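K.L.:
Shown below is the structure under consideration.
The values are calculated or read from the model by the stated rules, or taken from the named source; none is laboratory data. Since we're looking at a predicted model, the values are computed, not measured. Positions of Cβ are generated from backbone atoms using ideal geometry, with glycine treated the same way; all protein chains shown enter the neighbour counts. Areas reflect the complete protein model, heavy atoms only, side chains present, ligands, DNA and RNA absent. Shrake-Rupley method; radii C 1.70, N 1.55, O 1.52, S 1.80 Å.
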Amino acid sequence: MAERLALQLTLPSHSFPIASPSNCSISTKSMAATVFGTAVAVAAASSSASSTTRFLSSATRATLSFSSPSPTLLSRSSSSSSFSFLRSSPLISHLFLNQGRPSSCVSNRRFSASSTPKCLASDPEQLKSAREDIKQLLKTTFCHPILVRLGWHDAGTYNKDIEEWPQRGGANGSLRFDVELGHGANAGLINALKLIEPIKNKYSNITYADLFQLASATAIEEAGGPKIPMKYGRVDVVGSEQCPEEGRLPDAGPPSPASHLRDVFYRMGLNDKEIVALSGAHTLGRARPERSGWGKPETKYTKDGPGAPGGQSWTVQWLKFDNSYFKDIKEKIDEELLVLPTDAVLFEDPSFKVYAEKYLEDQESFFKDYAEAHAKLSNLGAKFDPPEGIVLDASPKPAGEKFDAAKYSYGKRELSDSMKQKIRAEYEAFGGTPDKPLPTNYFLNIILVIAVLAILTSLVGN
């Protein structure tokens, strides 16, 4: 009777857009049928004929229905789908519960490598396309600051003293759940989620954790900031019960600002230099009293936007990423600009002040240290698939050194044009060009030939 078993599996493709395996050759439905059928066959083989008949009759027309999530990113329905009856079957529960994982397809680690392809947490091509869509979003909505904050607040819950994932917090996409959005430090971030919801719906094979960090890094770069050395492949948490407790993010006005900043950022494994560098991102954005309790309702720099008007900015050009934040919070001469207690302390604390003064004078150093600190923050607590992560932009190969005649002269005197032409002609005669340097051992070979000739000449003379 086992040969005549027919399983009707109803798996609506629209129910879980974040787990659609578009880049895998084995469908979730065929996997489900295989595993479910195997479970039934094993039970049938090990039971008596009568008990087998009863088992098959109850499973033959099993229909698995999944509740469709709410259209909004912030709904909890996707984490509370009716899976309870599946949990009792160890052979199939992991497969169907993995439907809630926002990865490009179900992991193959429980199946043979020959039957299931390797799948990544996020699809690299979709990440690249999503980045272009984010750039267009930034051009039309000027939402750079809130996207930076979105990535920071998802990653900033990390606790280096907790080893287990996701209890340790960090960049795991948990900020999409209502329970974490309700934390006081995340006030207003629902607007950031609404902005990127269409991009998430369009590119279903990207995890929320990756999308949050992609949006944050892209916003920095598009505002004129440094290129962030990012990697992707972060795995998402699947339910609101995996969100961190409230209180892990920094406060703007603590009684002891320096101690508070160190308590929060040291817990993440960051140091004083990284605290000051990351603080420099306040060169972007505004504080709104209705969200944070800080700042003015509007100033002459924010009353007309761009974007939604209002709030109080830290800098005059609050959509341009540069080092003006350090200049403005040190001078404190413009009452229209915001200086929080955690800003002012950067020039009051002796250790913080060393870096704040450095970044005030040297924007290049600020950009370099900021890029490193931002990338480090974005990786905190994340679980990557593949473990080494996904790099979207390979480092360009260094160009060949162009010919510079002055390098081959002794002394600091500039060579004449005729001498440069003569040296260049000889250089090109040996196969070198301005865009193609000679092999590094070419001149060594010439020296060896000269040495051999000198020895031969000496021998002949003797």
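K.L.:
Is there a residue in region 198-210 that is under 10 Å from the mean Cα position of the chain (by Cα) and within 30 Å of Glu364 (Cβ to Cβ)?
P.N.:
Looking through region 198-210, at least one residue is under 10 Å from the mean Cα position of the chain (by Cα) and within 30 Å of Glu364 (Cβ to Cβ).
K.L.:
Same structure again: Do we find that Leu91 is at pLDDT below 95 and open to solvent by 50 Å² or more (accessible area, probe 1.4 Å) in this structure?
P.N.:
yes
K.L.:
Then there is this: Return yes when Asn159 is outside the structural domain of Ala277 (by the TED database), more than 25 Å from Asp385 (Cβ to Cβ) and among the polar types (S, T, N, Q) and no when it is not.
P.N.:
It is false that Asn159 is outside the structural domain of Ala277 (by the TED database), more than 25 Å from Asp385 (Cβ to Cβ) and among the polar types (S, T, N, Q).
K.L.:
Give me the pairs: first residue in region 354-367 and open to solvent by less than 30 Å² (accessible area, probe 1.4 Å), second residue part of a helix (DSSP H, G or I) and small (Gly, Ala, Ser), beta-carbon distance under 8 Å, and six or more apart or on different chains, which are they?
P.N.:
Tyr359/Ala277; Tyr359/Gly280; Tyr359/Ser365; Phe366/Ala277; Phe366/Gly280
K.L.:
Would you check which residues across region 240-278 are in contact with a Pro (Cβ under 7 Å, 6 or more places away or on another chain), open to solvent by 30 Å² or more (accessible area, probe 1.4 Å) and part of a helix (DSSP H, G or I) and list them?
P.N.:
Gln242, His260
K.L.:
Does region 213-228 contain any residue that is outside the structural domain of Pro306 (by the TED database), without any contact (Cβ under 8 Å) to a residue 60 or more places away in the chain and open to solvent by 40 Å² or more (accessible area, probe 1.4 Å)?
P.N.:
yes
K.L.:
Tell me, which residue of region 317-346 that is part of a helix (DSSP H, G or I) and open to solvent by 20 Å² or more (accessible area, probe 1.4 Å) is nearest to Ala258 (Cα to Cα)?
P.N.:
Pro341
K.L.:
Of the residues Lys231, Lys200, which single one is in contact (Cβ under 8 Å) with a residue 12 or more places away in the chain, open to solvent by less than 10 Å² (accessible area, probe 1.4 Å) and within 24 Å of Ser129 (Cβ to Cβ)?
P.N.:
The unique qualifying residue is Lys200.
K.L.:
Taking the criterion of being modelled with pLDDT of 95 or more and in a loop (DSSP other than H, G, I, E, B), would at least one residue in region 363-376 satisfy it?
P.N.:
no
K.L.:
With the requirement that a residue be farther than 14 Å from Lys128 by Cβ and either part of a helix (DSSP H, G or I) or modelled with pLDDT under 95 (or both), what does region 205-214 give you?
P.N.:
Within region 205-214, Tyr208, Ala209, Phe212, Gln213 meet the criteria.
K.L.:
Restricting to region 157-187, what's the tally of residues that are over 11 Å from Phe212 (Cβ atoms) and either of a type in the set (Val, Ile, Thr) or surrounded by 17 or more Cβ atoms within 10 Å (Cβ to Cβ) (or both)?
P.N.:
Residues that pass the stated criteria total 15.
K.L.:
Need the failing condition index for Gly151 against (1) part of a loop (DSSP other than H, G, I, E, B); (2) in contact with a helix residue (DSSP H, G or I) (Cβ under 9 Å, 6 or more places away or on another chain), just the number.
P.N.:
(1)
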